[in-house]
Amino acid sequence: MAYDFEKERNEAIAAGERALTSLRAAREELRSAGNWGLVDLFGGGMISGLVKHSKMGNAQRYMEQAKLDLQSFSRELQDVNMTHNLNLNVGDFLTFADFFFDGLIADWLDRINETKNLVEDAIRQVEDIVRRLRIL
């Protein structure tokens, strides 16, 4: 079976877009949880606390989905990178993703702002790689 670079590239782009969707959804839920956390801090009451915890739960689900999507993206990148030596730094990306999710999900509730920053970094990295794939 012949290697089809365009097919592999398109699969990698699609996987990257899925990862971006999950990461962006997590970012929005984290922002919202942070905002509700501020309301809660300044006497928002039981309702604001419930909303904040709901947003945090949603963010955690999106982050877990993002982890799966990033793993899929990494596999697709390896398919493209191995045959064309594109130097997409897949190894660095995998290390980042492993670090990001291994230690983060356990304690992200205490570090919403830091988590938002890490999600932003992941979004920028995936956007950069997808952008580079599109111009190949």
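The values are calculated or read from the model by the stated rules, or taken from the named source; none is laboratory data. Since we're looking at a predicted model, the values are computed, not measured. Quick reminder, even Gly has a Cβ in these numbers, built from the backbone with ideal geometry, and neighbours come from all protein chains shown. Only protein heavy atoms, including side chains, enter the accessible area calculation; ligands, DNA and RNA are left aside. Shrake-Rupley method; radii C 1.70, N 1.55, O 1.52, S 1.80 Å.
Here is a list of conditions, (1) at pLDDT below 85; (2) open to solvent by less than 40 Å² (accessible area, probe 1.4 Å); (3) charged (D, E, K, R), and ASP69 meets all of them except one; can you say which number that is?
In the conditions (1) at pLDDT below 85; (2) open to solvent by less than 40 Å² (accessible area, probe 1.4 Å); (3) charged (D, E, K, R), ASP69 misses (1) alone.
Go through (1) over 21 Å from ARG134 (Cβ atoms); (2) modelled with pLDDT of 85 or more; (3) open to solvent by 20 Å² or more (accessible area, probe 1.4 Å) one by one and return the number of the condition ALA26 breaks.
Just one mismatch for ALA26, condition (3).
Mind listing just one residue for me: the one in region 1-10 that is under 13 Å from VAL80 (Cα atoms) and open to solvent by 60 Å² or more (accessible area, probe 1.4 Å) and, of those, nearest to the chain's Cα centre (by Cα)?
Going residue by residue through region 1-10, those that are under 13 Å from VAL80 (Cα atoms) are 3-10.
After this cut, where a residue has to be open to solvent by 60 Å² or more (accessible area, probe 1.4 Å) as well, the list is 3-4, 6-7, 10.
On the way: TYR3: 29, ASP4: 27, GLU6: 25, LYS7: 23, ASN10: 19 Å.
Across region 1-10, the extreme among qualifying residues is ASN10.
Condition first: modelled with pLDDT of 85 or more, among the hydrophobic types (A, V, I, L, M, F, W, C) and either surrounded by fewer than 19 Cβ atoms within 10 Å (Cβ to Cβ) or not in a helix (DSSP H, G or I) (or both). Now tell me which residues in region 101-129 satisfy that.
Passing the criteria: only ILE123.
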